[in-house]
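In what follows, a structure is listed as structure tokens, so that the remarks can point back to it.
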Amino acid sequence: MRKGFGERLSEFFRGMAEERNRYKNALARAMADLENFRAESRRQAEEAERRGAERVILALLPALDSMERALEYATDNLDPEALLAGVRMIKDEMSRAFESAGARRIELVPGQAFDPLIMEAVETRGEGRMGLVADVLTHGYEFRGRVLRPARVVVELRHGEEKETEDKTR
């Protein structure tokens, strides 16, 4: 027996409702999976940050231990040379800790051209537009090719034309 139009239409809509429900369920599962993925990603990022901080702390602990020993020594002894040697040792330990974490000191020398990408001019001397580093107040540091802290420098300003004429007369 042949089904009537109403019956066929009813079956069609039942099938469409079932398909809609399958898609809704699939969407709900996908949304739950996405939320689980986001939560796991956050957890992993927090764990990586914690491990990174632990590595830095562990690298700095020897310098802290040395600082405590130096302070104990300084209260009992007044030998400035020994104290100075201890402070230098602590500086070296801290430098090694920074290097082991991937930080690199930006090496500058007085007389080199001012570079605003890695330097911050905190004082200027002279007049003109061309700047050369006159003094390094604090060293800058890089981490994986990115400047963490620019070097703080004193810049000696000079006129570029004067330098050119000086070079021509030599």
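Here are a few things to note about the model shown:
- The condition (being part of a helix (DSSP H, G or I) and at pLDDT below 95) is satisfied by just one residue among A45, A63, A30: A63.
- Residues in segment 74-88 that are in contact with a helix residue (DSSP H, G or I) (Cβ under 9 Å, 6 or more places away or on another chain) and assigned to a helix (DSSP H, G or I): A74, A82, L83, G86, V87.
- Selection status of E68, farther than 20 Å from G140 by Cβ, of a type outside the set (A, V, I, L, M) and loosely packed, with under 14 Cβ neighbours inside 10 Å: yes
To keep it simple, each residue is scored yes or no on (1) under 31 Å from the mean Cα position of the chain (by Cα); (2) within 25 Å of A53 (Cβ to Cβ).
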{"residue": "M67", "(1), (2)": "yes, yes"}
{"residue": "A74", "(1), (2)": "no, no"}
{"residue": "N77", "(1), (2)": "no, no"}
{"residue": "P80", "(1), (2)": "no, no"}
{"residue": "L83", "(1), (2)": "no, no"}
{"residue": "R88", "(1), (2)": "yes, no"}
{"residue": "S95", "(1), (2)": "yes, yes"}
{"residue": "F98", "(1), (2)": "yes, yes"}
{"residue": "A101", "(1), (2)": "yes, yes"}
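- Within segment 98-124, considering residues that are among the acidic types (D, E), out of contact with any strand residue (DSSP E or B) (no Cβ under 8 Å at 6 or more places or on another chain) and loosely packed, with under 13 Cβ neighbours inside 10 Å, the one modelled with the lowest pLDDT: E99
The values are calculated or read from the model by the stated rules, or taken from the named source; none is laboratory data. Here the structure is a predicted model, which is why all the values come from computation and not from measurement. So basically every Cβ, Gly included, is an ideal-geometry build from the backbone, and we count neighbours across all protein chains shown.
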